[in-house]
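The values are calculated or read from the model by the stated rules, or taken from the named source; none is laboratory data. Model, not experiment: these values are computed from the prediction. Quick reminder, even Gly has a Cβ in these numbers, built from the backbone with ideal geometry, and neighbours come from all protein chains shown.
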Amino acid sequence: MMTKIISIFLICFLPTVTMAEELPQITPLNKYQKAPFSGILYNSAAVAESIAQREALIEQHKLNLQILEDQLKIQCNLSLENLQADLDACNNRYDQMVTIKDNQIKNLQEIALERPNNHSIWWLGGGILSGVLITVGIVYAVK
C-alpha cells in the first residue's frame, strides 16, 4: 500500500520538478529599457565574439584531428612499407635458396650419371669367392 502511495506521489510531482529547470531566454533590449529577467546581458559584439570563439575552437579541433589523422596515416604507411620490404627480402632469400638447391641437385645427378653403377663383375667375383670359402669351411668342419 505504501509503495502505491509513493509511486503516485512520484508520478504526480516528478514532472514538475524536472520542468522547474530554467530555460535559456533571449530578449532584445534597447538602450534604457528595463531587462525582463535577471541574468547576463550580451550586446551584439559580445554575442558575435562568443560565436566566433566557438567556431574558432571547432576549426582548431578539426585541424588537430586532421593533423592526428595524417600522422597516423604516415605511421601506417611506414609500417606497411617496412613489412613489404621484409616480405621482399624473405622472397629473395627463398628464391636464392631454391636456386642453390636446384644447382646442387643438378650437379649430383651429373656426378651420378658419369659413374654408372654397373658392378656386375664385382658381384660375380664376390659370389664365387664366398662360395669357395663356404665350401672349404664346410669340408674342414666335417673332417
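Would you confirm whether any residue within the range 48-64 is surrounded by 10 or more Cβ atoms within 10 Å (Cβ to Cβ) and at pLDDT below 70?
Within the range 48-64, none of the residues are surrounded by 10 or more Cβ atoms within 10 Å (Cβ to Cβ) and at pLDDT below 70.
For the range 32-46, does any single residue satisfy the condition of being loosely packed, with under 10 Cβ neighbours inside 10 Å, modelled with pLDDT under 85 and outside any loop (DSSP other than H, G, I, E, B)?
For the range 32-46, residues loosely packed, with under 10 Cβ neighbours inside 10 Å, modelled with pLDDT under 85 and outside any loop (DSSP other than H, G, I, E, B): present.
Name the one entry in ILE121, ILE67, ILE74 that is more than 30 Å from LEU29 (Cβ to Cβ) and either more than 53 Å from the chain's Cα centre (by Cα) or exposed (fewer than 10 other Cβ atoms within 10 Å of the Cβ) (or both).
Selected residue: ILE121, the only one of ILE121, ILE67, ILE74 that is more than 30 Å from LEU29 (Cβ to Cβ) and either more than 53 Å from the chain's Cα centre (by Cα) or exposed (fewer than 10 other Cβ atoms within 10 Å of the Cβ) (or both).
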